[in-house]
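The values are calculated or read from the model by the stated rules, or taken from the named source; none is laboratory data. Computed from a prediction, not measured in an experiment: that's the story for all the values here. Cβ placement follows ideal geometry from the backbone for every residue including glycine, while neighbour counts extend to all protein chains displayed. These accessible areas exclude ligands, DNA and RNA; they are computed on the full protein's heavy atoms, side chains included. Shrake-Rupley method; radii C 1.70, N 1.55, O 1.52, S 1.80 Å.
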Amino acid sequence: MKLRKKITLIFIVCGLAIITSCNNDDDATSNVIVPMTIADFVTNNADYSSLLAALKKTSLDKTLAEDGPFTVFAPNNSAFTTFLDGAALEDVPTETLTQLLLNHVIGAKVTSNDLSTGYVKNLAQESTTKANISMYINTSSGVVINGESTVLTADINTDNGVIHAIDKVISLPTVVTFATADGEFSNLVAALTRDDQSDQNYVATLSTANGTSPAPFTVFAPTDKAFSNLLTELNAGSLADIAKATLTATLNLHVVAGTNVRAEDLASGTVTTLGGDITADAGQSTLTDSNNRVSNIIVTDVQAANGVIHVIDKVILPAL
């Protein structure tokens, strides 16, 4: 009988020991699993102190502590130093800084595996329409945003999204930004910057910020293939064979000044460009020039901070 009592007591003690051990393990595990939002990550990493200061100034630190999900392209301190170029963060107007920061945020979780070459929308807004601004992602060699900022470290996962560390602050894009970043527009850029077009100063004009005339702009941007087809149509060997006056008149026909006309607002009828009138058919998504040549709008609403781009498959020409 005494032996049986001893054995029973041993089992009870062992059972208590096992239960205590399991409880301790659970406590250890619960201490390791700590919620980490994007705002927490920025707060806890010294190399993002400038980003944190900017987020706090605009109260976006509270936004990035919410459920999300968000994707943030996060500039480090060195990137902010380069961007400010000796100025103080306090000197940047709060609304300007807010839109600049939102230009780094996508309202969804987008990992590196989800990224491909093309356009996505971020949370910044064009001021006249409040439309979300686009960003051009190029994944041909790493990940480059708007032709200026490169992802250094991808897929820093948090509880409310993902962070991609970048080496430069992403400036609010102009229509020129997308023309130069997107390889589909290399011939358009070559035409705009041809030496004999310098008196038109297209790059400076199309870089004008909203709030300053003649911005905003609506640009009908021909692809490289459209320019290649144009050379064949005109029996020209290269862009250099097109006369200065003809090229100027042609380029002007692709720009509407003073308005940001998105696809849903494009009405059928006359469209007055810098180079004269063309005709739009909103139902067919086409533009017709004075030669009855029809251009199809193949991509719409590439939204910059100072205007919108609609991509077309045929160059619009003045009367020939």
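Around Leu320, under 15 Å between beta carbons, what's the net of Lys plus Arg minus Asp minus Glu among the other residues?
Working: positive: Arg293, Lys314; negative: Glu233, Asp241, Asp289.
Result for the local shell: -1.
Calculate what fraction, in whole %, of the accessible area of the range 150-214 sits on carbon and sulfur atoms when a 1.4 Å probe is rolled over the protein chains.
50
Take the solvent-accessible surface of the protein heavy atoms, probe 1.4 Å, and return the percent of it on the range 235-320 that carbon and sulfur atoms account for. Can you show the working numbers first?
Numbers: 1780 of 3680 Å².
The value for the range 235-320 is 48 percent carbon and sulfur by accessible area.
Please determine, in degrees from 0 to 90 and to the nearest 10, the orientation of helix 224-233 with respect to the longest principal axis defined by the Cα atoms of the chain, where the helix direction is its Cα long axis.
Its long axis makes an angle of about 20 degrees.
Tell me the net charge near Thr150. Cut-off is 9 Å between Cβ atoms, Thr150 excluded, with +1 for each Lys or Arg and -1 for each Asp or Glu. The partial results should precede the final answer.
Values: positive: Lys168; negative: Glu148, Asp167.
In short, -1.
At 7 Å along Cα-to-Cβ for each site, give me the label-to-label distance between Ala46 and Thr139 in nm.
Roughly 3.5 nm, to one decimal.
Given the DSSP H assignment, sum -39500 (n - 2.57) over each helix run of at least 4 residues in the chain and divide by its residue total; what's the result at 222 nm in deg cm²/dmol, nearest 500?
-9500 deg cm²/dmol
For Lys244, what accessible area in Å² do you get when you roll a 1.4 Å probe over the heavy atoms of the protein chains, rounding to the nearest 10?
So the heavy atoms of Lys244 present about 80 Å² to solvent.
I'm a student and want to see the number: the projected area of the Cα convex hull of the chain, averaged over all directions, in nm². Could the numbers behind the result be given before it?
Details: hull surface 96.7 nm².
Value for the chain: 24.2 nm².
If you consider only alpha-carbon coordinates, what radius of gyration and Dmax does the range 185-320 have, in Å?
Calculated on Cα positions, Rg and Dmax stand at 14.0, 42 Å.
Compute the helix-to-body angle for 2-32: its Cα long axis versus the longest principal axis of the chain, expressed 0 to 90° and rounded to tens.
Helix 2-32 sits roughly 20 degrees off the main axis of the chain.
What's the local net charge at Ala124, with K and R +1, D and E -1, over the other residues with C-beta under 12 Å away? Walk me through the intermediate numbers first.
Working: positive: Lys121, Lys130; negative: Glu95, Glu126.
Every neighbour counted, the sum reads 0.
Classify the range 160-228 from the C-alpha gyration tensor, please: rounded if a/c falls under 1.5, else prolate or oblate depending on whether a/b exceeds b/c.
oblate
In Å², and per residue, what accessible area does the chain have when probed at 1.4 Å with the other protein chains present?
Working: 15950 Å² over 320 residues.
With the other protein chains kept in place, the chain gives 50 Å² per residue.
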